Amino acid sequence: MRLTRTAVAAAAAAAAVAATITMAPPASAVTSYVHNDCTSTDTSHPTHCFRIQFNSRSETTQQSDSGCLATRHSRTNDDGYSPNGATVITFVFSAFPSDAYGGMPTPCDARGSGQAVYHHAASGWNQDPYAGYTVYANTGYSGTSKYYPKADGIARNLGTGLKNHNGSHKRG
């Protein structure tokens, strides 16, 4: 009886390992990291973006300078996406100098650089003069949210239920 239970347990363990191997991504999968997708053809405001920041800020701070993801796009999933089924694009916080991308008004520094944006953001800062942004707790623009008015110059913390639990963000 004991030998049978051991054999059943061993078979179950082998099946679990086989399932894990089967579900693993193909060896050819490549992970790319995108730290800044702030691009624009708007020549009068080419670098005014929404920044998702790694660190918390004071509500009265007029800038935020930790590692960031600067964007002018809605993202249904802050973790990333796969454009072709083989390449995985993952969003991470990064540092960049104030002269990057044609003269960002202030730099993003190294605190938090390399950390995934998904479920690691603490604050936001909207420099986009054309649109407000909303950060959501869940992917697909759902759950607890925080709105950032267009280009008001105030860095704001994400708040309870959203800090370090961000899943998506939407422009507009």
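Using a probe of 1.4 Å, the accessible surface attributed to K146 totals some 50 Å² when neighbouring protein chains are kept in position. Net charge of the neighbourhood of T134, taken over other residues with C-beta under 10 Å away and scored Lys/Arg +1, Asp/Glu -1, is +3. Taking a point 7 angstrom from the Cα of Y130 along the C-beta vector, which residues in segment 66-81 have backbone N less than 13 Å away? Within reach of a label on Y130, which here means backbone N under 13 Å from a point 7 Å along Cα→Cβ, segment 66-81 contributes 72-74. The stretch between V34 and K150 holds 39.4 nm of extra length on full extension. This uses 0.36 nm per residue minus the Cα-Cα distance. Specify whether the C-alpha gyration tensor of segment 130-170 places it in the rounded, prolate or oblate class, a ≥ b ≥ c being the square roots of the eigenvalues: rounded for a/c under 1.5, otherwise prolate if a/b is larger than b/c and oblate if not. Taking the square roots of the gyration eigenvalues as a ≥ b ≥ c, segment 130-170 is oblate. The overall shape of segment 67-172, judged from the alpha-carbon gyration tensor, is rounded, with an a/c ratio under 1.5.
The values are calculated or read from the model by the stated rules, or taken from the named source; none is laboratory data. The structure displayed is predicted, hence computed values, not measured ones. Methodologically, a virtual Cβ is constructed for each residue, glycine included, from the backbone with ideal geometry; neighbour enumeration extends over all protein chains shown. Note: areas computed on protein heavy atoms with side chains; ligands, DNA, RNA excluded. Shrake-Rupley method; radii C 1.70, N 1.55, O 1.52, S 1.80 Å.
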